[in-house]
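The values are calculated or read from the model by the stated rules, or taken from the named source; none is laboratory data. Remember, predicted model here, so these are calculated numbers, not experimental data. Positions of Cβ are generated from backbone atoms using ideal geometry, with glycine treated the same way; all protein chains shown enter the neighbour counts.
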Amino acid sequence: MQMSAEELSLEPAVNIHDGSELLAQLRAELAMLPELRELSPECDINKADVGEPERTTPAEEEKLRTRLRYHHRIFLGDGNAAPAPARGMWCDLDVGDAKPVAQRPRSIAPHLAIKVYELLKKLLETGLIEHSESPWASPIVIVLTKNGMDIRMCIVYRVVNGFIQLSNYPLPLIDDLLIGFESAMWFIILDMASGFWTIRMTERAKLISAFVCPSGHFQWVDQDVLEFLGLDPSKREDPRSHVSALTDTATVFQRNIPAPARMGPVLGRRSYIDDIAYGANTWDQLCDDLDVLLFRLRYWNISVSLLKSDF
């Protein structure tokens, strides 16, 4: 006896090819999980993109690499590695009085199931996710990359996004960010490693953002850092210390992080979402300013993707 998926009330497998019209329609409703090839990949500073051919000398390039080696702990050699959680910021989700919605998992093609399992295993090993009993559950879909072999696992938050009360935060204009660069001779561009994945979540945000697949029910892990930061747990809902809106992660990462009063701005503000650009008049000044910037990133425990940055 044969029964169709419709008769069993099961949803058919959903495979979205990268670049398809459907993916374009769903892009704003998807949260792509990071691909974790290694938990702690070795970072070879010698592979950093340093200097300009025929314009910088080996001595100048080595001077900058020396600064990078001093701060090597914040650099990740693999752009898909799991960065450590950043300090001083949480993501909170406010759905008002909406009742939880638990959606059914979508089936996954057998030849892709093992890849999904391996990715979930890595996420569990790194402590990014844990098994969940949340009343909320959003399904996942599999996105095939352009080579047709690798996958990206995405969470479909379309239903959840319909309940979330959005926050508003203006992103800086690109033209404003370029002011002051006309006099610079040398530039650095830093790419924060998996920027959105470094933001911690409040307890209710964990439950609301839970996801489900044939392998189980999972939620993001909220590692308590109140003691590490010296914060009073009763002040956890201080608006300076958390941000909201799952559908607006770009504004989440762009917001200012509360800093001690003694800590002023570093090098002026030259960031756009999770990218930082800065320019200096001389190579020596660039090296000194980079040193100051990396010290500040270390303070906030922000990781940098070495291979996606230019010096």
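Computed values, structure above
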read-out: Flag for residue 303 being closer than 27 Å to residue 98 by Cβ and either in contact with a Phe, Trp or Tyr (Cβ under 9 Å, 6 or more places away or on another chain) or modelled with pLDDT of 85 or more (or both); value: no
read-out: Cross-chain or 6+ apart pairs with Cβ under 7 Å, region 100-125 first and under 13 Å from residue 143 (Cα atoms), then assigned to a helix (DSSP H, G or I); value: 108/116
read-out: Residues of region 131-143 that turn out to be under 20 Å from the mean Cα position of the chain (by Cα) and either exposed (fewer than 14 other Cβ atoms within 10 Å of the Cβ) or more than 16 Å from residue 219 (Cβ to Cβ) (or both), as a count; value: 3
read-out: Selection from region 272-311 of residues that are touching a Lys or Arg at 6+ places or on another chain (Cβ under 8 Å), more than 17 Å from residue 52 (Cα to Cα) and among the aromatic types (Phe, Trp, Tyr); value: 299, 300
read-out: Residues of region 166-209 satisfying the condition of being modelled with pLDDT of 75 or more, surrounded by 15 or more Cβ atoms within 10 Å (Cβ to Cβ) and within 16 Å of residue 94 (Cβ to Cβ); value: 201, 202, 204, 205, 206, 207, 208, 209
read-out: Selection from region 40-62 of residues that are crowded, with 17+ Cβ neighbours inside 10 Å and assigned to a helix (DSSP H, G or I); value: 45, 60
